Amino acid sequence: MKITDVQASVIGRPEPDSGGSVWTFVRVYTDEGITGTGECNSGGPGFSGFATKQAILALRELLIGEDPFNINRIYEKLRRAGRYGGASNAPLIFALTGIDNALHDIVGKALGVPVYQLLGGKFRDDIRLYADCHFGEDESPASFGDKALRAVDEGFGAVKFDVDFTGHGKLDAWNWTLGAQEMTHVIGLIEAVREAIGFEVDLAIDCHGHFDLPSAITLARAVEPLRLLWLEEPLPAENVAALAQVRAATSTIICTGENQYTRFEFLELFARQACDVIMPDLAKAGGIAEGKRIADLADAHYIPIAPHNVSSPLGMMAACHVMAAVPNFLFLEFHARSIPWWSDLCDGEKPFVRDGVMTVSQAPGIGVELNDEVARSLLWNGDSYFD
Ligand code: MG
């Protein structure tokens, strides 16, 4: 089998509370008529939305003529080709992610097996999800508690809230110190959610790297009795040694990883003992095979994996295949409860999410396809659809 073409389309529409709902899809074509589709991140607000697509198309000539069954060889070929162009960073690593996922889709379809079989089989049928609740309806502790209870009613076994951006007593827009007023407010929000849901439901808290070192340590210590599932990115991702100081100073579980890419950056996290849980985004970190490598590396350090996820059903199912295939899976994020068209964008076994889980597809390949009609109606910023 040979690859004959590679195309990309940017699809989606910004929705509030979604964590990002514009995605880049890669389609790889073969001489045997089988096509594979992979999803990857389009980049954050700092990107035009087309940077990842441009990176994919720049790799097209390196892919044509390759046998798609050589997934890992192709990944290394592309990664090494881009090494001096920032291969481990966006947008190239996003492009590699989408391409790798499309290749897994092709091979699964050609062999008639779901992707998790290509990874050595599965440990579980259902992937546990946590509901990302973002914020309360307002900034009151009661509204945070109410929102948590709505997710629990839908069947989620864990919830996550953001506690940065509260603006309560901020010293200024650039300083990351939590003064007494803001610190007290943030701790009150976390306490309110814990009080609402009790200890039967797990609770994660995200800081988006918006606090400084002394504030991160003070906050982590203050919430120790609340037994968090994790405290996420209390510091920005770029200084691993500083995060290790936070971890060493508290018994609160420290989590990071949505802004780390490839096994090499996770290797550094483990070597520096900087976190207790990792949360790579499997639509950003390198793809299905690299996601498995990262998870296995974590497992060798007795560290669980709880992937960040703001994907469409297609990208989310790709993540589910990886999380089915590793023992140390903890939770997978679900951030699309506020996207009205989320399920409509894709075809597959529906509902994709029910009772707080996503069931791993048994269909060949990833097992979820774009719905052409809906996808065309959601083309981003004048982009064109696959041929
Ligand atoms: Mg986060």
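Of note:
- Selected from VAL368, LEU63, GLY12, residue furthest toward positive end of dipole (the chain; charges at beta carbon): LEU63
- The chain: angle of helix 213-222 to the longest principal axis, Cα-based, in degrees nearest 10: 70
- C-alpha center-to-center spacing [segment 226-280, segment 83-156] in angstrom: 19
- Close amide H pairs (under 5 Å, H built 1.01 Å from N) link ASN239 with no residue at least 5 positions away or on another chain.
- Amide H within-cut-off set for GLU333, under 5 Å, with H built and near neighbours excluded: TYR130, ASN309
- Contact order, relative form, for segment 112-175: 32 percent (alpha carbon pairs under 8 Å, 6 or more residues apart, mean separation divided by residue count).
- Average accessible area per residue (Å²) across segment 118-366 - probe 1.4 Å, nucleic acids and ligands excluded: 37
- Lys/Arg +1, Asp/Glu -1 at C-beta; the chain dipole; positive extreme among CYS207, ASN381, GLY315: GLY315
- Here the Karplus relation 6.51 cos²θ - 1.76 cosθ + 1.60, evaluated at θ = phi - 60°, turns the backbone of segment 59-75 into coupling constants of 8, 4, 5, 6, 9, 5, x, 6, 7, x, 5, 8, 4, 6, 5, 5, 4 Hz, with x for every Gly and Pro.
- Reachable lysines, given that their alpha-carbon falls under 16 Å from the alpha-carbon of LYS109 and they are not under 8 places away in the same chain: LYS2
- With 0.36 nm allotted per residue and the present C-alpha distance subtracted, the PHE270-GLU349 stretch has 24.7 nm of extension available.
- At 1.306 mPa s and 10 °C, Stokes diffusion of the chain via Kirkwood alpha-carbon radius, µm² per second: 75
- The mean sequence separation of alpha-carbon pairs under 8 Å and at least six residues apart, normalised by the residue count of the chain, gives a relative contact order of 21 percent.
- About its Cα centre, segment 118-366 has a charge dipole of approximately 640 debye under the convention of +1 per Lys or Arg Cβ and -1 per Asp or Glu Cβ, with nothing else charged.
- Estimated from helices alone, the mean residue ellipticity of the chain at 222 nm is -10500 deg cm²/dmol (sum of -39500 (n - 2.57) over DSSP H runs with n ≥ 4, per residue).
- Burial ranking of peptide ranges 380-386, 110-116 (average Cβ count within 10 Å, highest at the top): 110-116, 380-386
- Spin-label pair ALA81-GLU373: with each label point 7 Å from Cα along the Cα-Cβ axis, the two points sit 3.8 nm from one another.
- Given charges at Cβ of Lys, Arg, Asp, Glu: the chain dipole, positive-most of ALA173, GLY33, THR252: GLY33
The values are calculated or read from the model by the stated rules, or taken from the named source; none is laboratory data. Note that the structure is predicted; figures quoted are calculated from it, not measured. No Cβ is skipped: glycine too gets one built from the backbone with ideal geometry, and neighbour counts run over all protein chains shown. Keep in mind that these areas ignore ligands, DNA and RNA; they rest on the heavy atoms of the full protein, side chains included. Shrake-Rupley method; radii C 1.70, N 1.55, O 1.52, S 1.80 Å.
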